[in-house]
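Notes to accompany the following structure.
The values are calculated or read from the model by the stated rules, or taken from the named source; none is laboratory data. Quick caveat: nothing in here was measured; it's all calculated off a predicted structure. Virtual Cβ from ideal backbone geometry, glycine too; neighbours counted across all protein chains shown.
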Amino acid sequence: MIGIIGGSGFYFLRGKTRRITVKTPYGNVTAQKTVISGKDVVFIPRHGRGHSIPPHRVNYRANMYAFKKLGVNSVLGIYATGIISKYKPGDLILAEDFIGMFTPITFFDDFKGGLKHMDVSQPHDKKLQNLVLAIAKANRIPMKKDGIIVTTVGPRFETKAEVKVLKNMGANLLSMTHAYEATLMNELELPYVAIAVGTNYACGISKERLSAEEVIGHMEKAKKKIIPLINGLIKEVY
C-alpha cells in the first residue's frame, strides 16, 4: 500500500474516501484513506485541513509513524519548493539528495538499545525514482532530475544572504519540510521518493517580492501533472 504526503496547495485526493484517526506514540494523526483503481491509498496533508499548521509546527514524527503503523510500504512526498538555480517555476523535479543540517529531527531519542546513526547516502529509493521517471515518460510529463533540496525552518521565506550561502553549499531548491520527512522515512526504512514542484524563484533570484499566493498558484497548476504520476504509482506499488 502506498502512502502520499502533500503540502501547500495539495490537501486531498479524489476518490472513495474516509477520514481516519491514527494513534501514534507521538500524537494522533488525521489521515485520508482513499480507494483508487481498487487499491487503498493513505494520504496525509502535512499542514492539516485548510493549511492551518505552519511548517515548524508540523508533527512530522507522528505523520511518518502513522504510515508505518497503517502498513504502508512505499511513500511519495510532494513538495512546493523555491528555486535557487537550474529550474523554473512550474517544473516537476525528482529529488536526488538533501541538505538538512538546520532541521534536527529523529525517532532515536536515546541510544539505550545501541548506537543508531542512519546511512543516508541514498535518501530516496532508487526503484521508486526509476518508476516515477518511467511513469512520467509514459504520460509525456516533463520531469527534471537532480534536485538537491535544502530545508530551512520557516515559516518566513529566506533572505538574499541565506540563499547565496545555500547556493554555494550545492542546493538548487528550497523547502521548509522535506528534510524532516526524508530523515524520518530513512529511520523507519520505508522506501520513499520525493517530487518537488518549483513554485517560485528564491529571494535574490526573483526580482519580485515573494508571496504564498504565488506558491499555491503554481501548485494548483502542477496538479494536472502530479495526479497521473500518483495514479501510475498506485497501479505499480501495493
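Quick notes
- Any hit, region 150-162, residues being within 28 Å of Asp119 (Cα to Cα), polar (S, T, N, Q) and crowded, with 17+ Cβ neighbours inside 10 Å: yes
- For region 94-102, the criterion of being over 18 Å from Met176 (Cα atoms) and modelled with pLDDT of 90 or more is met by none of the residues.
- Those residues of region 211-238 which are outside any helix (DSSP H, G or I) and surrounded by 18 or more Cβ atoms within 10 Å (Cβ to Cβ), in sequence order: Val237
- Residue within region 121-139 that is closer than 30 Å to Ser52 by Cβ and among the small types (Gly, Ala, Ser) present: no
- Filtered residues of region 191-211 (kept if in contact (Cβ under 8 Å) with a residue 24 or more places away in the chain and more than 23 Å from Leu76 (Cα to Cα)): Tyr201, Ala202, Cys203, Gly204, Ile205, Leu210
- The strands (runs of 3 or more DSSP E) found entirely in region 1-89 that carry 3 or more residues being more than 16 Å from Ile227 (Cα to Cα) are 16-24, 27-36, 74-83.
- Number of residues in region 192-238 that are among the aromatic types (Phe, Trp, Tyr) and within 14 Å of Gly6 (Cα to Cα): the value is 1.
- On inspection, Thr24 qualifies as out of contact with any strand residue (DSSP E or B) (no Cβ under 9 Å at 6 or more places or on another chain), of a type in the set (Val, Ile, Thr), at negative phi and surrounded by 14 or more Cβ atoms within 10 Å (Cβ to Cβ).
- Here region 194-210 is the region considered, the condition is being surrounded by fewer than 22 Cβ atoms within 10 Å (Cβ to Cβ) and not small (Gly, Ala, Ser), and the residue that is nearest to Val58 (Cα to Cα) is Leu210.
- All positions within region 72-130 that are among the aromatic types (Phe, Trp, Tyr) and without any contact (Cβ under 8 Å) to a residue 40 or more places away in the chain: Phe111
- Against the test of being within 19 Å of Ile149 (Cα to Cα), surrounded by 14 or more Cβ atoms within 10 Å (Cβ to Cβ) and over 17 Å from the mean Cα position of the chain (by Cα), the options Tyr79, Tyr87 yield a single qualifying residue, Tyr87.
- Cβ-Cβ under 9 Å pairs, at least 6 apart or on other chains, region 18-42 side without any contact (Cβ under 8 Å) to a residue 60 or more places away in the chain and within 13 Å of Gly71 (Cα to Cα), far side of a type in the set (Ser, Thr, Tyr) and not in a strand (DSSP E or B): Val22/Tyr65; Asp40/Tyr238
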